[in-house]
Each structure stands twice: as structure tokens, then as C-alpha cells.
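Have a look at the structure below, then the notes.
The values are calculated or read from the model by the stated rules, or taken from the named source; none is laboratory data. Keep in mind that what you see is a predicted model, and the values were worked out from it rather than measured. FYI the Cβ positions are ideal-geometry reconstructions off the backbone, even for glycines, and counts take in every protein chain you see. The area values use the complete protein model at the heavy-atom level, side chains included, leaving out ligands, DNA and RNA. Shrake-Rupley method; radii C 1.70, N 1.55, O 1.52, S 1.80 Å.
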Amino acid sequence: MPVPWFLLSLALGRSPVVLSLERLVGPQDATHCSPGLSCRLWDSDILCLPGDIVPAPGPVLAPTHLQTELVLRCQKETDCDLCLRVAVHLAVHGHWEEPEDEEKFGGAADSGVEEPRNASLQAQVVLSFQAYPTARCVLLEVQVPAALVQFGQSVPRYEKELNHTQQLPALPWLNVSADGDNVHLVLNVSEEQHFGLSLYWNQVQGPPKPRWHKNLTGPQIITLNHTDLVPCLCIQVWPLEPDSVRTNICPFREDPRAHQNLWQAARLQLLTLQSWLLDAPCSLPAEAALCWRAPGGDPCQPLVPPLSWENVTVDKVLEFPLLKGHPNLCVQVNSSEKLQLQECLWADSLGPLKDDVLLLETRGPQDNRSLCALEPSGCTSLPSKASTRAARLGEYLLQDLQSGQCLQLWDDDLGALWACPMDKYIHKRWALVWLACLLFAAALSLILLLKKDHAKAAARGRAALLLYSADDSGFERLVGALASALCQLPLRVAVDLWSRRELSAQGPVAWFHAQRRQTLQEGGVVVLLFSPGAVALCSEWLQDGVSGPGAHGPHDAFRASLSCVLPDFLQGRAPGSYVGACFDRLLHPDAVPALFRTVPVFTLPSQLPDFLGALQQPRAPRSGRLQERAEQVSRALQPALDSYFHPPGTPAPGRGVGPGAGPGAGDGT
């Protein structure tokens, strides 16, 4: 369709006295102008032209021709804008003469008109850009030396404007309609019309993220699933012709379904102990705070105060003021005072929720401090005579805090947070109950007691010791996710990630020997999780028989375990007590040294059913729910796999929208 670009107007004469231009400085309204044409300059001032044009008392510059041309103006090689180049041709008409009526021209002829030999011919050219709903203009000053003026010509009365319309190809109206859960994009164009269609996520900061692009012909109806709608999903359509106008619409900004889908697609990602980010397709207003989640299904309790809510920006790394991580620490994300997201980011690497009590220390002036224990009913002051669990154990909790048995999570001038373990107190509380049960069970026969013990062991599940090489922090999070997923099955998983305190106290070698002996005595299984780093350590050990202790960290239980794992394989005791595993796309099973392939080696997650079958009791029947459990473990493991193989900032595959969705989209330039 035709698009008007520039309207050329000329203010004629050698002096503003002949035809004045009224310029209003500042944010003035066009109604202040005298009747006639008005437009706004690029510096926001308003330019006013009077409605009447009077004859000039001398030669004038008259416009004869106007040309426009579309050109590219590039700041850099890849940063170009489409611009309109305007060429104006002016000619000199008329000769010098004295004004007949000085009063008609404001009485300025005596002082303002110069002698012909010294005068210069002046004109003010206004280029007016007309575009709905505003108009912009540019004011040009043109001067011609008197030597170029030819005498003896008549002076015309010039009263017209030059108009020029630049034709740009454009598409007709694009319609968006709904049909149940689906959305239709209806493009009513001719059958011969070729056009491009692109879907993209518009970003407040940074370039748009393309989602889908296709070149089409003729009238089309494109169907979008309602689950693909997000507020920043925009549509761009243009004819496949040079210099075509690209139409952009973003019709889902106020769609309630799009806002619901946005929060369903949002994810929290833990990058390091203290840093994390919110990954979402669009920007959204949100604030986040830490909360404490205790076992038992109670709501996560926000730690505000002593901590505070922090504003969240999508895809921007944020920092936690933490000293240590804890599986019971979670992140809550609110928007418009409504909870939208809650994730316990440290659970994958630190294990399941612990039965710990969180102590809040408040510091006042003159070294005064107070302590309270966070419980579902509130924060119970310590010591206290209340009937809550923390109040009954308050004396023991204070002793543990003073003896250094509590883990400090946060600290500043106003207070601190401490996580104190409660397992030993629970064991003491139930000790008398267990003693009474044992005294009562002494009256029963030894056979019934053995059967009872056997049933109890079966209910607890088989013990599994997970050994791996700490190649990097990302692989450790992947191992933690696998261990957490296996804990949901009838398995008792032991991994050094969850026993850092005991590992530091006992040393890697002593800790592993104790865990291996206990696991094998209980009929459990040792899982060797191979990675490139683990294969390198095994090969080095097999070649040299020993390796320097300083090559890896002090918590590398896999390196310490080789001293007693290898004899089991060399002496043929490994089958039945050991299994191997590795992750798809990380290591091929053939890369595992031949000595360790004397036991089954499974790839995960592709061989999860067989892997879980190998972890069952040797004489246990094959469960019909094995495939269901494998799918459960695979779902729990998939986010960690995606995070490991597709770090934040890279587009995840398979999240396109529209027909033939793919990761690429056409260039919108």
C-alpha cells in the first residue's frame, strides 16, 4: 500500500520579513501556531508556517524537482537502518528591486535589505515527514551568492508545495482468532502472494529470540496450540519483495492463558552455592526470597526477616548471602503477592530433606543476642517452657550450638542462621520404646524374631553404595540428582556428597572401607559410576599400581576406593556385588577398562530398567512395576541431564511452536 514519506515546503524570499517562520521552543502545542501548516522538529520544537504566501520583492529560490531513494545507512557492518534519501533541485528566478510598500513587509526593508552586489539569496526548506499519528519535519537553510543571480527575469508568485509518495510493498491485515484451546493466525492474501512468517519472543532487554520461520504462498491459516502462548510471543509477516514493510503484532500480552503458560515454563537454576537465575521465555515482574522447608509436608516458611525479598530479572544471575547450602533451603518466587514458583535448589546435590531445626539468632546492641527455633507454629524462643518439640529439646540445641555441632548458613551484623541436626534426639526418645519392644519380643521364639528382622530389612530396601569421580561441579550435581531419584525407590543410597562431615572426620579411605564393608555385609551392591575422569584414574592405577594423593581433592572417595575395589575384581569376588554405569553422550561402555567389564555396565538413562533390575535383591522376583519405576527415575533425572548437557543460555531443543517447529527462525531484518 502507498506510504507518504516527505512533504516539501518552501519559505521563499531573501529575508524572514518576506515570509516568516514561527518556531515555538519547548513542549508547546500546535494550536499555538498561526493558521496554516505546523509540524514538530526532531528536537521537539514546533515549526509554524502562515497560511498566506506573499510575493517576494526580489529574486527567489524556487523548487523545480524532488527525488527520493531508499538506501541503507550502516553504523557497523551488521548494524544497518533503512533510510530515505531526498534530493531537492532549486532554481533562481527574478531580479533585485526595492519593495513598493515597506509597511506591507513589516517595515524591515530599510534595515534588512542589502545592496544587490553584497546580498545573498536565502531560502528556508522544510522537509515534512507525514506518518500517522504524528508529523515530523526538518528545516534547511539555503544561501546563494548574489553573483549567481541573473538580472532581467520576472519574479513569479510561487504558491505551491512539492509532494512525493514513496511506494513500499506491504501486506494486508493479519487476523488472530481463537477456536477452543487453539489460536488461528489468518492471513487473507492472494493466491500468488509470497510472504514470510516468523514467530519470536520479544525481549525487553536484548534482541528477540526467534522461535519459528517459514516462507508461504497464498491465503493461510496457521494453528498454534494454547500451551505455546506466552505474553511476549509476537508475529512478524512481510511480502517476499525488496524493501517490503514488515508487520509486527504481539497479540497475547494480556491473554491470561499466556501468563499462566509463562510461569509453567519458568525454571530456577542453581549455578553455584550462592548464585542462581530465573529462566523464562519473557520478562516478568517477580521477587524472590529464601524459605525453610521441614520434612512432613508443612509449608515452606519464608526467612523474611531476617533476610529480605529481592527483585528478580529473567536470565540475570543473582546472589544468595549464604555461607553453606542445605537441602531444606528453598527459593520462593512471588509475583503480584502470589506464590508462583518454589524449588529446593540444593536437594539434588545435598540429598533429601533433613530433620534439622533452624535456629534464628538476633543480635542487638551491646552484644545482646536472642535465639529462636523455627517451627510450623512460629519461631519458639530458646530456652522456653512451651510444649513444642524445639522447646522440649531447647537445652540440647543450645549445647549443640555452643559445641559447634550446628551448621552456620548465614551471618551478618544483625543475626545468623544455624541448622542443628535432630536425628540423635529422635533416636534417644525412641530408645525406651525400642527397649520395651525388645523385652516383650524376648518372650517369643527365636524363629519369629529372625522372621521379623528379615521382614524389616526387606521393607528398608537394599543398600547401595554409589562411587564416582568428582570431575567437576556439574557432574557432582548430576550424581546428586541420580542418588536422590534412587532414594525414591526401595533403596538405601550412600554417597559421599551427603556425608561430607563424616568424610572429613574419618578420611576418604577409612570412610569408604567402612561403607563398603557395611554394604556388602547387608547384601547390598556397590555401583561404580564411570566418567572420563574415573576411567583415567582406573587406567592410571592399573598401569602404576599407585597414584599420588595430591592429584585430586580430599573428598575424592572414588580414588581412595580403588585400593580395595581392585582386589575384588582381580580375585573374582565382584560379580553379584558390583555393577557399573555411565551416562549416555558422556562415555561409551567400551571405554571402561576390561577388568571392570566383568560385571554388567549399563548406560543411563537408556538402560534404566535393566539397571534398576540389577539393584534389586539377588533372589527378589522381577517386579511388574520396574518399567514404571524406571520412568519415574528418568523424569527426576532429566532436568539435571538437560542442565549438564545444555548449560543456561543455550536454547533447549524441541521447544518450538507452530507447524514444523524447530530451533531456527528467519532474520527479521
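A few comments on the model shown:
- A Stokes-Einstein calculation at 37 °C with viscosity 0.692 mPa s, built on the Kirkwood radius of segment 183-235 over Cα pairs, returns a diffusion coefficient of 267 µm²/s.
- Just so you know, the Cα atoms of segment 467-619 work out to an Rg and Dmax of 14.5, 42 Å.
- Residues whose amide H comes within less than 5 Å of that of F583, counting only those at least five positions distant or on another chain, are L604 (H built at 1.01 Å from N in the peptide plane).
- Probe 1.4 Å - accessible area at S606, Å² to nearest ten: 80
- Computed over segment 283-370: relative contact order in percent, which uses C-alpha pairs under 8 Å that are six or more apart: 29
- Linear extension gain, S275 paired with S177, 0.36 nm per residue minus alpha-carbon span: 31.0 nm
- Amide H contacts for C137 (H built 1.01 Å from N in the peptide plane; partners 5 or more residues away or on another chain; cut-off under 5 Å): R40, L41, W42, F129.
- Exposure of R392 as accessible area (Å², to 10), given a probe of 1.4 Å and all protein chains: 130
- With θ taken as phi - 60° and the Karplus curve 6.51 cos²θ - 1.76 cosθ + 1.60 applied, the whole-hertz 3J(HN,Hα) list for segment 397-410 is 5, 5, 5, 5, 5, 5, 8, x, 8, 9, 9, 7, 9, 8 Hz, x standing for glycine and proline.
- Accessible area per residue was computed with a 1.4 Å probe on protein heavy atoms; Y468 scores about 10 Å².
- Spin-label pair Q518/Q260, simplified geometry with 7 Å Cα→Cβ offset, distance in nm: 4.8
- On the beta carbon distance between H646 and E395, with R0 = 51 Å, the FRET formula returns roughly 0.50.
- Karplus-derived 3J(HN,Hα) values for segment 206-220, using 6.51 cos²θ - 1.76 cosθ + 1.60 with θ = phi - 60°, are x, x, x, 9, x, 10, 6, 8, 7, 8, 10, 9, x, x, 9 Hz; glycine and proline are entered as x.
- Averaging over all projection directions, the Cα-based convex hull of segment 581-621 occupies 3.2 nm² in the image plane.
- Amide hydrogen proximity for Y578: with H placed 1.01 Å from N in the peptide plane, the residues at 5 or more positions away or on another chain lying under 5 Å are V526.
- For segment 251-314, alpha-carbon Rg relative to the globular expectation (2.2 N^0.38 Å, N residues): 1.35
- Each residue of segment 505-516 was assigned a 3J(HN,Hα) from its phi angle through the Karplus curve 6.51 cos²θ - 1.76 cosθ + 1.60 (θ = phi - 60°); the sequence is 6, 8, x, x, 5, 5, 5, 5, 4, 5, 5, 5 Hz, with glycine and proline shown as x.
- FRET efficiency for R501 and H226, using Cβ-Cβ distance with R0 set to 51 Å, rounded to 0.05: 0.55
- Estimated FRET transfer efficiency (H588, K316; beta-carbon r; R0 45 Å; 0.05): 0.75
- Mean projected area in nm² (Cα convex hull; one quarter of hull surface) for segment 202-285: 7.6
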